[in-house]
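Working notes, beginning with the structure itself.
Values in this text are rule-based calculations from the coordinates and carry no lab data. All figures in this text were calculated on a predicted structure; none of them were measured in a lab. All Cβ positions, even for glycine, are placed from backbone atoms using ideal geometry, and neighbour counts span all protein chains on display.
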Amino acid sequence: MLHALIVDDEAPARSELRFLLEETGRVESIEEASSAREAVQYLVRIKETDEERCDVLFLDISMPKTSGMQLAEALHKLKNPPAVVFVTAYSEYALEAFEVDAVDYLMKPVETDRLQHALDKVEARTKPSVGSHSSVERIPVEKGGRKVLIPVDQIRYIEAKDDYSCIYTDTDRFLSTISLAKLEQKLSVHGFFRVHRGYIVNLDHVEDVEVISSGILQLGLKGIDDKKIPVSRRRVVSLKRALGL
């Protein structure tokens, strides 16, 4: 599932695009910024906190002060920038969009089919290559003062603990210095899902979904009898979709 940031100075345009993205069922989280400055502040914050990620910017071109094209040019110079999809009422910037390596160029009003096609391109861009995919078949962890490599299919869930991540199998617990956000990015292609700010679960090992007070969900996992995993409200819809509920 993708994590997106909509950057447009017009609130109705942001709302319309948010609705269309939510309808696709392919975007887990959607943040909004009304200017290039707000977008930069958001990207800096998530990089510093390492709690979230941004896979794609849906970026308007015509904005006050710093234009969307100027923002894209700045992001293009970064080592690992998010994908950029321009969403604009102007067709004359398409060549410039190509020069800053934009994934797609959508004309307002956005059509659902074109948006789906753009998401296909974004997923192709953000999907790890074959070489990087094989490199996360096992995760390095700490155990008894030594490094151990844990096969990802043995992992049931991962919990954030201070500056560490606790990785749980059905028989043991391991510490990792890799942040939860980075583990989410590495493991999403293996069927793992971040259900909460502090938890990632292996969807293959979800045994039951329980509704508790006020519609809040918690998960039971195979082989883990003494732990229920909470699901944050903002992730309920995307989790149900991932589980086919």
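Each listed q (0.20, 0.21, 0.24 Å⁻¹) maps to a log10 I(q)/I(0) for the stretch 132-243 from the Debye sum over equal C-alpha point scatterers, namely -1.07, -1.18, -1.49. Of all lysines in the structure, those lying under 21 Å Cα to Cα from Lys147, and not within fewer than 8 positions of it along the same chain, are Lys161, Lys182, Lys186. Dividing the summed -39500 (n - 2.57) terms of all DSSP H runs of n ≥ 4 by the residue count of the chain sets its mean residue ellipticity at 222 nm at -9500 deg cm²/dmol. Cα extents for the chain along the principal axes, largest to smallest and rounded to whole angstrom: 59, 41, 30.
Using θ = phi - 60° in the Karplus curve 6.51 cos²θ - 1.76 cosθ + 1.60, the 3J(HN,Hα) couplings for the stretch 183-197 round to 5, 4, 5, 6, 9, 4, 6, 9, x, 9, 9, 7, 8, 7, 3 Hz; x is entered for Gly and Pro. This ranking places Met1, Met107, Met69 by how few other beta-carbon atoms lie within 10 Å of each, fewest first, which gives Met107, Met1, Met69. Multiplying the residue separation of Val209 and Lys108 by 0.36 nm and subtracting their alpha-carbon distance yields 32.4 nm. Taking label points 7 Å from Cα along the Cα-to-Cβ direction, Arg37 and Ile178 give a separation of 3.9 nm. Build a GNM of the chain with springs between Cα atoms under 10 Å apart, and of Ala97, Ala11, Ala72 the one that fluctuates most is Ala11. Under the convention that each Lys and Arg Cβ holds +1 and each Asp and Glu Cβ holds -1, the size of the dipole of the chain around its Cα centre is about 760 debye.
Since only Thr24, Ala11, Val40 are under comparison, the one whose Cα sits farthest along the positive direction of the charge dipole of the stretch 9-56, derived from C-beta charges on Lys, Arg, Asp and Glu, is Val40.
Taking the number of Cβ atoms within 10 Å of each Cβ as an exposure proxy, the fewest-first ranking of Thr126, Thr66, Thr112 is Thr112, Thr66, Thr126. Distance between the 7 Å Cα→Cβ label points at Arg233 and Glu92: 4.6 nm.
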